Each structure stands twice: as C-alpha cells, then as structure tokens.
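To keep things clear, I will list the structure first and then write my remarks on it.
The values are calculated or read from the model by the stated rules, or taken from the named source; none is laboratory data. What you see is a predicted model, and the numbers here were worked out from it, not measured in a lab. Don't worry about glycine lacking a Cβ; one is built from the backbone with ideal geometry, like all the others, and counts go over all protein chains shown. Accessible surface is based on the protein model in full, side chains and every heavy atom, while ligands, DNA and RNA are left aside. Shrake-Rupley method; radii C 1.70, N 1.55, O 1.52, S 1.80 Å.
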Amino acid sequence: MADVARLAGVSAQTVSRVSNGSPSVMPQTRERVLVAMRDLGYRPNSAARALKRGEFRTLGVILFTLSTTGNVRTLEAIASSAADEGYAITLLPIAFPTQDEVRGAFHRLSELAVDAVIAIMEVHLLDATRLLVPPGLQVVVADSGASDQYSVVDTDQLGGTRAAVEHLVHLGHRTVWHLAGPPESFAAQRRARAWRETLEERELPVPEPVFGDWSADSGYRIGLRLAADPECSAIFAANDQMALGLLRALHERGRRVPQDVSVVGFDDIPEAASFLPPLTTIRQDFDEVGRQLVAGVLRGLRHESGERRTTIVPTTLVVRQSTAPPNSP
C-alpha cells in the first residue's frame, strides 16, 4: 500500500479508501491510484479487510458425501445463490457421520473464519453432539426433521410420497410395495412412514418394506427378490438410483415394466427420463432448497429474523412410462 501511495502521489489512507470503494475520493485521484495498483500488481488484503469489518463474506458448508445426486445439486444451488449475494463458500466434507466428526467440522470452520454454516445433514446428529456453536454464528440445516434449535429447509417428503402411492393406487393396484432407504436416514424414515400411512388410510394391505442403501446396486439386489413375488405389481422406490437397479432386476427376471410391474422413484434425477422405460418419479426442487438455505443464513446475518423456522419446498409428481394399470396389455 505504501508503494502504491508513493507511485500515485497520495497518502496510504487514500489508497485504503480506493481499495474499499469509498465514494469520498476524487475521480482523478481514484484513477491515479488504480493505475498504480495495476502497474505494481497490488491486491488489497481481503483477510485483513474482513477482520476490520468483522465479516468474511464466506459461508461454510458441511456435508457427508458428494456421491448422491441430491447433495451435489443442492451444493451447486448453494454456491450459485451465495455468489449472487457476493459470498464465497468453504466446503468441508465429513468422512463418517459421527458425533466427533461433526464437532470437528464445526471447530475447523470456526478457524477458517466463516460468517455462517449450512449443514447438509440430519438434525439429530447435530443435537446429539451437544455443539457449542460460537456466538453469532448462523446455522441452517438441510434436513427432513424439524428442530427448535436450528432453522431447517427440507423437501416435502410426506407430500411427495403420498402423491407417489396415490398415483399407483388410482391406477388400480391393490397395494404398493416399498423399496426403502437405509433405516438410519430420517428422509427414508419419513418416506416409509408416509407410504405406510397412505395405504392404511385406504385400508389396503401393507407389505413388509425392504431396505436399500440409496444405491442402484442395492435396488438391483432387492429387485431380484421382489421380482420373484407374483403378487408384486407396484413398487415405490425411495430414490431414483435404487429404482434404476430395480428396473434392471425386473427386466432380467422377465417382469415387464409397466405391463407387469409399475415403478415410481423419488428425486427426478436428470437421467430419469432416459431410463428404460422412462421413470415416473417425484421431483425434488434441489435448486430451491439451495436458494432457501442461503436465504436462511443471510436473514440471520442481516438480523431480518431472529426466529428459527422450518421451510418446506414442494415436490411434484412427474408421470412417465414406468407406471400403468395392473396387467396392462
């Protein structure tokens, strides 16, 4: 800064004002300073400026995996929305969903100087860790369980599942089998509960759910078992990846989709329309989830709302060629 000041013939304070975009500098003086900055290759020290202002214009993001479509698409939306608001993101993946890992992640983010944290994980893990969140640090969680400690943004798990099951029932299927996600997942639990309640409300039989791990491979393995049951004519898979493996298993066992078995997924991943047959599924608006997460932390940073809130993003049933009335020609 002193070198720029000497070259431009101004004080270091004037250089500082130009660096910070102050309107109090005369246009001719500002131009001399900017030319000197370019000639010397000077860059303002953003870290020092952040410390002086008390804000870092950075949002921390904690998540367990980048291998799922939902996490990747949510992260993309967070990065885009943050950039639109003039914020960068610092990403901190966690290898294992344990209390120690979560505590360590928050500790590392506090050292990395972020203004707020978005946690793409389930609230019960945060509650169980007894986190001591630094004073003033805003935390918003992408989760399927409401919490009175954190603001939460989630997809309408219950409404989406109900739409999937009702679609199959309205086609004439006497019941709907469920290829569920892992039992420890709150999202999987909510979808399984909504599936069961929807069938029970209509006094329809409730088959035993079968549990996968969100992967196409688990959908394939379980699909081989479901394909062997001649009574199974409609299946709701808790995500599209498992539905993909399920379609393969049904094909290999000679069960035609949708003539013999109808299949509905959940997510509407970009490839769902290219499955064979194209997959009927529940569309999650991951872009809106990401936008709402950023909006939530910024509301807190701007002191626009001191209350914790739960934001539910609606889902949409997308009907394609993997569903039809039972025993279709």
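With 188, 249 as the choices, which residue is of a type in the set (A, V, I, L, M), under 21 Å from the mean Cα position of the chain (by Cα) and in a helix (DSSP H, G or I)?
On the way: 249 fails: under 21 Å from the mean Cα position of the chain (by Cα).
The match here is 188.
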query = Would you call residue 216 among the small types (Gly, Ala, Ser), within 24 Å of residue 315 (Cβ to Cβ) and buried (at least 24 other Cβ atoms within 10 Å of the Cβ)?
reply = no
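Counting only residues that are of a type in the set (Lys, Arg) and at pLDDT below 95, which one in segment 292-329 is farthest from residue 236 (Cα to Cα)? It would help to see each step written out before you state the result.
Taking segment 292-329 first, the residues of a type in the set (Lys, Arg) are 299, 302, 308-309, 320.
Narrowing further to those that are at pLDDT below 95: 299, 302, 308-309.
Values: 299: 37, 302: 42, 308: 33, 309: 30 Å.
Selected residue: 302.
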task = Considering (1) of a type outside the set (A, V, I, L, M); (2) open to solvent by 30 Å² or more (accessible area, probe 1.4 Å); (3) in a loop (DSSP other than H, G, I, E, B), say which one residue 182 fails and leave the rest.
result = (2)
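Suppose we keep only residues that are open to solvent by 10 Å² or more (accessible area, probe 1.4 Å) and either in contact with a Gly (Cβ under 9 Å, 6 or more places away or on another chain) or in a strand (DSSP E or B) (or both) within segment 256-283. Which one would you say is farthest from residue 159 (Cα to Cα)? Working first, answer last.
Initially, segment 256-283 is screened for residues open to solvent by 10 Å² or more (accessible area, probe 1.4 Å), giving 256-260, 267-268, 270-271, 273-278, 283.
In the following step, the residues that additionally are either in contact with a Gly (Cβ under 9 Å, 6 or more places away or on another chain) or in a strand (DSSP E or B) (or both) were identified as 260, 267, 275, 283.
On the way: 260: 27, 267: 13, 275: 24, 283: 11 Å.
Per the stated criteria, the residue is 260.
State whether one or more residues within segment 194-202 are out of contact with any Gly (no Cβ under 9 Å at 6 or more places or on another chain), part of a loop (DSSP other than H, G, I, E, B), open to solvent by 10 Å² or more (accessible area, probe 1.4 Å) and modelled with pLDDT of 95 or more.
The first filter runs over segment 194-202 and keeps only residues out of contact with any Gly (no Cβ under 9 Å at 6 or more places or on another chain), leaving 195-202.
Then drop every residue that is not part of a loop (DSSP other than H, G, I, E, B), which leaves 202.
Adding the requirement that they be open to solvent by 10 Å² or more (accessible area, probe 1.4 Å) leaves 202.
Next, from what is left, pick out any that are modelled with pLDDT of 95 or more: 202.
Within segment 194-202 (the criterion being out of contact with any Gly (no Cβ under 9 Å at 6 or more places or on another chain), part of a loop (DSSP other than H, G, I, E, B), open to solvent by 10 Å² or more (accessible area, probe 1.4 Å) and modelled with pLDDT of 95 or more), the answer is yes, since at least one residue qualifies.
Check segment 292-313 and report whether any residue there is under 30 Å from residue 249 (Cα atoms) and either among the acidic types (Asp, Glu) or part of a loop (DSSP other than H, G, I, E, B) (or both).
Initially, segment 292-313 is screened for residues under 30 Å from residue 249 (Cα atoms), giving none.
Scanning segment 292-313 turns up no residue that is under 30 Å from residue 249 (Cα atoms) and either among the acidic types (Asp, Glu) or part of a loop (DSSP other than H, G, I, E, B) (or both).
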task = With the condition kept exactly as written, say whether any residue in segment 206-215 is of a type outside the set (Asp, Glu) and in contact with an Asp or Glu (Cβ under 9 Å, 6 or more places away or on another chain).
result = yes
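For (1) closer than 29 Å to residue 140 by Cβ; (2) of a type in the set (Asp, Glu); (3) in contact (Cβ under 8 Å) with a residue 24 or more places away in the chain, each residue gets a yes or a no:
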residue	(1), (2), (3)
264	no, no, yes
297	yes, no, yes
303	yes, no, no
312	yes, no, yes
key: Tally, over segment 234-254, of residues that are surrounded by fewer than 23 Cβ atoms within 10 Å (Cβ to Cβ) and over 15 Å from residue 278 (Cα atoms)   = 4
Hits in segment 23-41 (condition: assigned to a loop (DSSP other than H, G, I, E, B) and open to solvent by 50 Å² or more (accessible area, probe 1.4 Å)) = 23, 24, 26, 41
key: segment 74-91, residues that are open to solvent by 60 Å² or more (accessible area, probe 1.4 Å) and out of contact with any strand residue (DSSP E or B) (no Cβ under 7 Å at 6 or more places or on another chain)   = 76, 80, 83, 84, 85
